[in-house]
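All remarks here apply to the structure that follows.
Read-outs throughout are calculated quantities, based only on the coordinates presented, and are distinct from any laboratory measurement. As the structure is a computational prediction, the values presented were derived from the model and not from experiment. Note that we place each Cβ from the backbone using ideal geometry, even for glycine, and neighbour counts take in every protein chain shown.
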């Protein structure tokens, strides 16, 4: 791809999210989402092999239908209430349609089955953009709507943590596992969005950091399935010692950063008088923990019986840029003591 | 006039049902043409003559290309039409569901039944669509530039997606 085209596409990718962030009008929010989708497509299909083009086609169909449903709900809202303002959308029908459209765009269960298929067809860098930057705009809209009933969002959240954990159990492909992980993490965010939007913001920030560290680790090792991960310890032994901590941070275990949003979300749910929901969500996190632990086990806790000539690669310097990975991995592991500062940062 | 409005609306739903039942591609393109035409009729009957003219010219211009492309790409000697029983049942089912919803949820005077745009705006002396058009070139200038940028972006996206001529995967359908 020509660098000029790449610059135009990346600029438009940023422009779309910025427009959606700054809009107060449903039409403009829709325009931003559409620009985002359009600019993403050539980046997804830039290698021009059939799997990537198939993934781009699936992504286009899903995002286009999600955006069309969102526009439809915005028009219905304007028809019923006479205004287009995002904050003042109060009629239950458009709110419910918008929630479902945004769930489709985000990949929340039960509307998540496109996500692993799309992830599997793309390279890890594109997946990183898809799992972080592309989630921001729909989530920003999700933060702004005020659903009249809490049951739909709680249903979506529980289904996502459950489906995201359950779907990843039997996978050996790392990109699919990370797609299911994305669904599960978004489930936590959606669960708490109506009770405390600032916690959702905190959760997406922490998720962006931890999942970026994971994707960059896999990219450094060029690993796309568990077997490749199992023999990749020889490429960067020090990184292999850190990666289990990053993965367990993504799973939400206590001394790591990933525990912060899960802790606060469970606390918020208990404060709102939903102990049963909080318990079920905490238990579904165990399903996700299983596959993170399996990755940890295959990568670090066992030594696969390879011959001795496969061990020298760590002496060869990698040509990839490792500074972002170093910073993100440290942030993914050790930011839990900064919880009060993070809460002050995202306080709404 | 009311009968024309109903004719346009029923035609809109029937055209959309033709698209939805998955016949051969050029029947779907033809169904979209019907939908566009009937939709323009609906807009006219709601008071937007200029808007419907623009929609008719631009959208049908695009649909002509789609029709030619799908007819050229999928020129079947025995196209699948309404002769197959499944398509007829599916069509009847779709139209039936829409009809039931229309009877159940659209009561007289609810606002969804139909009114012209001038009635919506009350005792307005100017036609609202011309008003909106002047707004587009005035306060909405930023959005106009944005739309132009999106069109340019779409050009680049399409060129990137289809590059590689016969080696490009999007052209692999023969």
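Residue A:307 to residue A:87: FRET efficiency via 1/(1 + (r/R0)^6), r the Cβ-Cβ distance, R0 45 Å, to the nearest 0.05? Write down the numbers at each step before the final one.
Values: r = 64 Å, r/R0 = 1.41.
After rounding to 0.05, the efficiency reads 0.10.
Report, as an integer, the average count of C-beta atoms from other chains found within 10 Å of each Cβ along A:45-54.
On the way: counts 8, 2, 1, 8, 1, 3, 1, 1, 5, 1.
Taking the mean over all residues of the peptide, I get 3.
Testing the spin-label approximation: label points 7 Å from Cα along Cα→Cβ at residue A:143 and residue B:92. State their distance in nm.
The answer from the label model is 5.3 nm.
Between residue B:69 and residue A:270, what is the label-point separation in nm under the 7 Å Cα-to-beta-carbon projection?
5.7
Could you list A:291, B:59, B:105 in order of exposure, starting from the residue whose Cβ has the fewest other Cβ atoms within 10 Å?
Working: A:291 25, B:59 17, B:105 9.
Lowest to highest Cβ neighbour count: B:105, B:59, A:291.
Quick check: pseudo-label points 7 Å beyond the Cα along Cα→Cβ at residue A:24 and residue B:80, how many nm apart are they?
Calculated label separation equals 5.0 nm.
Which whole number gives the average, over all residues in B:153-159, of C-beta atoms from other chains lying within 10 Å of the residue C-beta?
Other-chain Cβ atoms within 10 Å of each residue's Cβ, averaged: 6.
Based on the Cβ-Cβ distance of residue A:133 and residue B:60, what FRET efficiency does E = 1/(1 + (r/R0)^6) give at R0 = 30 Å, to the nearest 0.05?
That gives a FRET efficiency of 0.20.
Fewest Cβ neighbours within 10 Å first, please rank A:122, A:301 accordingly.
By the 10 Å Cβ count, ascending: A:301, A:122.
Highest mean first, how do A:245-258, A:2-15, B:10-23 rank when packing is the count of other Cβ atoms within 10 Å averaged over residues? Write out the running numbers ahead of the final one.
Numbers: A:245-258: 23.6, A:2-15: 14.6, B:10-23: 17.9.
Order by mean packing, descending: A:245-258, B:10-23, A:2-15.
Please list A:89-97, A:124-132 highest first by mean number of surrounding beta-carbon atoms within 10 Å per residue.
Listed from highest to lowest mean packing, they are A:124-132, A:89-97.
Hey, what number do you get for chain A at 222 nm if only DSSP H runs of n ≥ 4 count, each worth -39500 (n - 2.57), divided across all residues, to the nearest 500?
Result for chain A: -23500 deg cm²/dmol, rounded to the nearest 500.
Report the FRET efficiency, 1/(1 + (r/R0)^6), for residue A:322 and residue A:5, where r is their Cβ-Cβ distance and R0 is 25 Å, rounded to 0.05.
Numbers: r = 28 Å, r/R0 = 1.11.
Given R0 = 25 Å and the Cβ-Cβ separation, E is 0.35.
If we sort A:232-240, A:312-320 on the protection proxy, mean other Cβ atoms within 10 Å, highest first, what's the order?
Highest-to-lowest ranking by the protection proxy: A:232-240, A:312-320.
Over the whole of A:218-227, what's the average partner chain Cβ count within 10 Å per residue? Rounded to a whole number, please.
0
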